[in-house]
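The values are calculated or read from the model by the stated rules, or taken from the named source; none is laboratory data. Values in this document were obtained by computation on a predicted structure and should not be read as measured data. Ideal geometry is used to build each Cβ from the backbone, glycine not excepted, and the neighbour counts take in all protein chains shown.
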């Protein structure tokens, strides 16, 4: 009897794993980079990394200041933007959820002279 229950539970587990195809749940993070005056920043560099500081990756904003990281594993990430000597603060622990789009605004701080 115990063996039958074990075999049944093992078969159900395998069926779920096969249905999922071994795929990692993914989501999208999109946003906009603004300057200190609230205007969109074209060609700003946006860096994303895991909240433990690993796996950094960068992209650039488009002409409207928008950026997007698609098909990222669900979890918490930190982001920062940079353009022409100005940085945004780190946006910490931004959650990417499965099959969802998280939206964020990053503001560049005025350059210190």
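So the values come out like this:
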item: Residue in the stretch 12-29 that is loosely packed, with under 14 Cβ neighbours inside 10 Å, in contact with a strand residue (DSSP E or B) (Cβ under 6 Å, 6 or more places away or on another chain) and modelled with pLDDT of 95 or more present; result: no
item: Criterion (farther than 20 Å from residue 93 by Cβ and surrounded by 14 or more Cβ atoms within 10 Å (Cβ to Cβ)) met by exactly one of 47, 61, 74; result: 61
item: The stretch 76-101 residues that are closer than 14 Å to residue 44 by Cα, paired with ones that are in a loop (DSSP other than H, G, I, E, B) and modelled with pLDDT of 95 or more (beta carbon under 6 Å, 6 or more apart); result: 80/90; 81/44; 83/41; 83/44
item: Single condition residue 41 does not satisfy, out of (1) within 22 Å of residue 24 (Cα to Cα); (2) touching a residue at least 24 places away in the same chain (Cβ under 8 Å); (3) touching a strand residue (DSSP E or B) at 6+ places or on another chain (Cβ under 6 Å); result: (1)
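So that you can scan it fast, the table gives a plain yes or no per residue for (1) out of contact with any strand residue (DSSP E or B) (no Cβ under 6 Å at 6 or more places or on another chain); (2) closer than 13 Å to residue 51 by Cα; (3) at pLDDT 95 or above:
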position: 89; (1), (2), (3): yes, no, yes
position: 95; (1), (2), (3): no, yes, yes
position: 100; (1), (2), (3): no, no, yes
position: 108; (1), (2), (3): no, no, yes
